[in-house]
Amino acid sequence: MRAFKTLDDMGDIHGKRVLVREDLNVPMADGAVTDDTRLRAAVPTVAELADKGAIVLVLAHFGRPKGVPNPEMSLALVTKPFEGVLGRPVRFIAWEGAAEAIATLAPGEIGLLENTRFFAGEEKNAADVIDRFAALGDLYVNDAFSAAHRAHASTEGLAHRLPAFAGRQMEAELDALDKALGNPAHPVAAVVGGAKVSTKLDVLKHLVARVDHLVIGGGMANTFLAARGVNVGKSLCEHELTGTAEEIFAAADAAGCTIHLPYDVVVAKEFAPNPPSLRTCNVHEVAADEMILDIGPAAVEALGDVLKTCRTLVWNGPLGAFETPPFDAATVALARTAAALTAEGSLVSVAGGGDTVAALNVAGVAEAMTFVSTAGGAFLEWMEGKQLPGVAALAR
Ligand code: ADP
Ligand code: MG
């Protein structure tokens, strides 16, 4: 039995008012949604509840209105685009007169409530806002993992006030994260990349105690290389954190976790697309005026061999400055290896992080991974081993 209830545990919900927290915080330009990923992700839960005859009331935030109603951050702007991806009508419901409007909805109909952050008490998880939301519904579904690292009225408080269930998106995310780090098949490899060690210290400390292999790439590898006495030239490097890097090496040793740093790297004297000074060299041969912008092909091949021995991969952070060619090469190559092993059934691969998702899309393999989390901040907090309040509140 799972630690939380799902839509399967709701019983007969015909005619019941179900408050569903979704993440509809989509980017918009000139009145149009520029990326509808979040709208599409909300469809399975909303459609299933409507098909079961519930009166579906979607709760979501939009932008940062900071507790003040703001027409530019009204979810009225998202109603049409949401109808488009759902393929069914959606009634926008303003806060003023919400109860009366909801009373006119029939079973199977869908309402989208106004921005939850128009109330200052939403982000404070204030009792009066929880009361106001709770009065509108009979049951609560949280389908917004990406907002679950915040203890807000609509993400946490409501779960204590109404019978609470995880939506399909939340359920899929929690199941995938459990397979990757909660209760994974060993050996487990973690790949951590990205620009800076300082933003991922807690991630690294949590992972060394749980995984068998920790692969460090990206700009943060430079700090670890520097701690090992490597001259990293002009590379992005947090020299003040080499002591912390030493602590992480020691913690890994104590826990039986092997840390993998690159043997070879791709360097250039200037950070530009395909710069004339581009070359690949051993990590010990970086010149004083060069910077490391990607890990090298020998390192990538060695990492592929590590992945072949593993059953689980959890990945956050690109291995190089992937936005600028050819410094995406290592990330793309490792992503393809992970995708191939996943397709063969030998690897469970879970990845997340804003730039990581972008990099996997560049490699064209996002679909080929077992699960890709688009949750950003919530995914990172989970990688740090933190309890997410929105998830904890769903515990049976
Ligand atoms: P995520 O958003 O997936 O958590 P991060 O934000 O931590 O990832 O890191 C992504 C950034 O790290 C990218 O902008 C990438 O260009 C940068 N980066 C990776 N490797 C290097 C490097 N060697 N030098 C400079 N920047 C790098
Ligand atoms: Mg990022």
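Annotations for the structure displayed:
- Centroid-to-centroid separation of region 52-107 and region 293-365 [C-alpha atoms, Å]: 39
- For region 315-396, Kirkwood radius (reciprocal of mean inverse C-alpha pair distance, Å): 13.5
- Rolling a 1.4 angstrom probe over the protein heavy atoms with all chains in place gives the chain an accessible area of 41 Å² per residue.
- Electrostatic dipole magnitude of region 96-240 [Cβ: Lys, Arg +1; Asp, Glu -1; Cα centre; debye, to 20]: 960
- Sulfur and carbon atoms: percent of accessible area, region 38-98 [1.4 Å]: 57
- Only alpha carbons enter this Debye calculation for region 160-317, each as an equal point scatterer, and the log10 of I(q)/I(0) it gives at q = 0.09, 0.17, 0.20 Å⁻¹ is -0.35, -0.98, -1.24.
- Most fluctuating residue given options 373, 235, 154, as computed from a GNM of the chain linking Cα atoms under 10 Å: 235
- Förster radius 45 Å - calculated FRET efficiency between residue 270 and residue 12, Cβ distance, rounded to 0.05: 0.10
- Computed over the chain, Cα set: Rg, Dmax in Å: 23.2, 72
- Helical content of the chain, expressed as a calculated mean residue ellipticity at 222 nm, amounts to -10000 deg cm²/dmol (DSSP H runs of 4 or more residues, -39,500 (n - 2.57) each, divided by residue number, nearest 500).
- Backbone N within region 362-384 under 18 Å of label point (7 Å from residue 40 Cα along the Cβ vector): 362-376
- Per atom type, region 291-396 shows carbon and sulfur on 54% of its accessible surface, probed at 1.4 Å.
- Modelled label positions at residue 263 and residue 131, each set 7 Å beyond Cα in the direction of Cβ, lie 6.8 nm from each other.
- If you bin all the Cα-Cα distances of region 123-246 at 10 Å, starting from zero, the percentages per bin are 12, 28, 22, 21, 14, 4, 0.
- Residue-count net charge about residue 235 - beta-carbon cut-off 15 Å; Lys, Arg +1, Asp, Glu -1: -3
- Summed over all non-identical Cα pairs, the Kirkwood treatment of region 1-73 gives a radius of 14.3 Å.
- Over region 73-225, relative contact order from alpha-carbon pairs under 8 Å, at least 6 apart, %: 15
- P(r) tail for region 83-127: Cα pairs beyond 18 Å make up 42% of the total.
- The equivalent ellipsoid of region 70-160 has semi-axes of 21, 15, 14 Å, largest first, where each one is the square root of 5 times an eigenvalue of the Cα gyration tensor.
The values are calculated or read from the model by the stated rules, or taken from the named source; none is laboratory data. Everything numeric in this text was worked out from a predicted model, so none of it was measured. For neighbour counting, all protein chains shown are included, and Cβ atoms are generated from backbone atoms with ideal geometry for every residue, glycine included. Heavy atoms of the whole protein, side chains included, go into the accessibility calculation; ligands, DNA and RNA do not. Shrake-Rupley method; radii C 1.70, N 1.55, O 1.52, S 1.80 Å.
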